[in-house]
1. Identify the single condition in (1) modelled with pLDDT of 95 or more; (2) not in a helix (DSSP H, G or I) that residue 129 does not satisfy, given that it satisfies every other one.
2. What pairs come out if I take residues in the range 38-52 that are farther than 11 Å from residue 63 by Cβ and pair them with residues that are at pLDDT 75 or above and open to solvent by 50 Å² or more (accessible area, probe 1.4 Å) whose C-beta lies under 6 Å away, six or more apart or interchain?
3. Among the residues of the range 85-95, write down those that are open to solvent by 40 Å² or more (accessible area, probe 1.4 Å) and within 16 Å of residue 123 (Cβ to Cβ).
Amino acid sequence: MSRNTHAAFALAAGLAHLVLKYRQHKDTVHLACTQLHARTLADMAAGPRLLTAVWEDTPEDEAVQHVLANRWMTAWSLMLRVGYTPESSLKAPLHEFMQTKYGRAFWERAGNYRAMNARDRHDRRFVKLATEAFHGADAFAD
């Protein structure tokens, strides 16, 4: 092989390494933000004063249900993202969740927001699954 061929292979390997590092960095940042979001939700669930500060005109029980639903959605989304739970395994719990009154209320309130703010294909895929479960559970809703 010529010197140019070796240089081209080295350049390609270096570029592939940088691409993989960039993706890994993005995933690390996303996981850190998800952990922060989960801690915030846990704090809100543990402190009724925090709930009433955020959900001023919402009855406390309704606010607690919304935060609980958000915690489940965040967990399921992360489980799908990291490959812990495959798409096929999420369909049943999402469908059951959307049959509950608080699950439906959460998705009616937050589904469009999650869809508009989906940052990548993983988020879009999760929103699609949740929306399908929401519409599929219409006939069975409380």
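The values are calculated or read from the model by the stated rules, or taken from the named source; none is laboratory data. Here the structure is a predicted model, which means the values were calculated and not measured. For neighbour counting, all protein chains shown are included, and Cβ atoms are generated from backbone atoms with ideal geometry for every residue, glycine included. Just the protein is used for accessible areas: all its heavy atoms, side chains included, with ligands, DNA and RNA removed. Shrake-Rupley method; radii C 1.70, N 1.55, O 1.52, S 1.80 Å.
1. Failed condition: (2).
2. Note: pairs meeting the criteria are 41/71.
3. 87
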